[in-house]
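Just dropping this structure here.
Nothing in this text is a laboratory measurement; each read-out follows from the coordinates by a stated rule. Small disclaimer: the values here were computed from a predicted structure and weren't measured. Quick reminder, even Gly has a Cβ in these numbers, built from the backbone with ideal geometry, and neighbours come from all protein chains shown.
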Amino acid sequence: MRQKTLKRALVAFALALPGAAIATVAAAPAAHADGCYTWKRDLYQGRSGDDVRQLQIRVAGWAARGAIVRIDGDFGPETAAAVKRFQTAYGLRSDGIAGKQTFSKLYQLQDNDCTPAHFSYRELDGGCGKGGWSGGPLSATETKANAVHTMWKLEALRRGLGDKPLYVTSGFRDESCNKQVGGASNSQHLYGNAADVTSQSRSLCEISRASRDHGFSGIYGPGYPGHDDHVHVDSRRENNRDNLTNRTSWAAPDCGVSR
Ligand SMILES: [Zn+2]
């Protein structure tokens, strides 16, 4: 009886003090319930599975300059390099192993619908105001999945630019919307694979240059026809459903960005 009272008093004491409460929580086994996805094991080079795929989607924006992280479920050197860069960007120990710290950061960054903290389905689903993710060459599910991939890269780009807001002026476009805005006939926008971005605190050249370090294989900005008021970024190299060659294509001649 006495002991029980003491225990209760201690718990109450711990809860009353924020610092003490944190210490109590930290001592308990990690049981992170994430509304989107919860990883159940550490991931490193050589591992494979859907948990690797889920990780790849979220670190794709941390590929080294000109490289891409293939979303294939195989944790290879490209994925390890991206995990390292992600860890460095968020002040974590940079070892290329996705463990508790890396997953905690990802949980912190992801919303329950699996989009990253600063971008939303609504923002990417422009479609000239129609919305709904259909009317493109892929199914709505595939298009939406591409949009999530795009958003994680944008989240990385945003971080790379010093956590300053980026605005998406055009994301997914269905066929009629793409025609209406004069988009290329095989535009990555049709696939949910592209975003046109602007910023109030970063110049278009700063965005164009930074995009090279965040997994975008397509970048079009200032100096490229029709791109003086936004920067277009996309993931054309990962797109095997279009009829384009999967090559990096960067053109923002006024910013010294080309490839
Ligand atoms: Zn565009």
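Please tell me the relative contact order of the chain in percent, rounded to the nearest whole number, where contacts are Cα pairs under 8 Å and at least six residues apart.
16
Would you kindly derive the ³J(HN,Hα) couplings of segment 207-219 from the backbone phi angles with the Karplus curve 6.51 cos²θ - 1.76 cosθ + 1.60 (θ = phi - 60°), listing them in order in whole Hz, with x for Gly and Pro?
5, 4, 5, 5, 4, 4, 9, 10, x, 8, 8, x, 9
What number does segment 50-191 give for Rg over Rh if you use C-alpha atoms and the Kirkwood radius?
With Rg and the Kirkwood Rh in hand, the quotient comes to 0.99.
Among 142, 78, which comes first, then next, by fewest other beta-carbon atoms within 10 Å?
Going from sparsest to densest Cβ surroundings: 142, 78.
Cα-based Rg of the chain per 2.2 N^0.38 Å, rounded to two decimals?
So the chain has a normalised radius of gyration of 1.16.
Taking the number of other C-beta atoms within 10 Å as the exposure measure, put 216, 119 in order starting with the fewest.
Ranking 216, 119 by Cβ neighbours within 10 Å, fewest first, gives 119, 216.
If you average the sequence gap of Cα pairs under 8 Å that are 6 or more apart and divide by the length of segment 101-238, what percent do you get for the contact order?
22
Determine the gain in length on full extension of the stretch residue 41-residue 259; use 0.36 nm per residue of separation and subtract their C-alpha separation, reporting nm with one decimal.
Taking 0.36 nm per residue and subtracting the Cα distance, the gain is 74.6 nm.
Moving to a separate point now. Of the candidates 157, 190, 244, which one comes out as most mobile in a Gaussian network treatment of the chain with C-alpha springs shorter than 10 Å?
Among 157, 190, 244, the largest mean-square fluctuation in the Gaussian network model of the chain belongs to 244.
Compute the whole-percent fraction of alpha carbon pairs in segment 130-169 spaced more than 14 Å apart.
Value for segment 130-169: 56 percent of Cα pairs lie more than 14 Å apart.
Along segment 244-259, what does the Karplus equation 6.51 cos²θ - 1.76 cosθ + 1.60 (θ = phi - 60°) give for ³J(HN,Hα), rounded to whole Hz, x for Gly and Pro?
9, 6, 7, 10, 5, 9, 10, 8, 9, x, 6, 10, x, 9, 7, 5
Helix 140-160 versus the longest principal axis of the chain: what is the Cα-based angle in degrees, 0 to 90, to the nearest 10?
Here the helix axis deviates by roughly 80 degrees.
³J(HN,Hα) across segment 35-47 via Karplus (A = 6.51, B = -1.76, C = 1.60, θ = phi - 60°), whole Hz, x for Gly/Pro?
With the stated coefficients, segment 35-47 comes to x, 9, 7, 10, 7, 10, 8, 5, 10, 8, 3, x, 7 Hz.
Follow-up. Cα gyration tensor of segment 29-117, axes a ≥ b ≥ c as square roots of the eigenvalues: rounded (a/c below 1.5), prolate (a/b > b/c) or oblate?
Here segment 29-117 falls in the rounded category.
Would you mind checking which residues have amide H under 5 Å from residue 169's amide H? H placed 1.01 Å from N; only 5 or more apart, or other chain.
196, 197, 198
Could you work out how far helix 2-16 tilts from the main Cα principal axis of the chain, as a 0 to 90 degree angle to the nearest 10?
Tilt relative to the chain: about 30 degrees.
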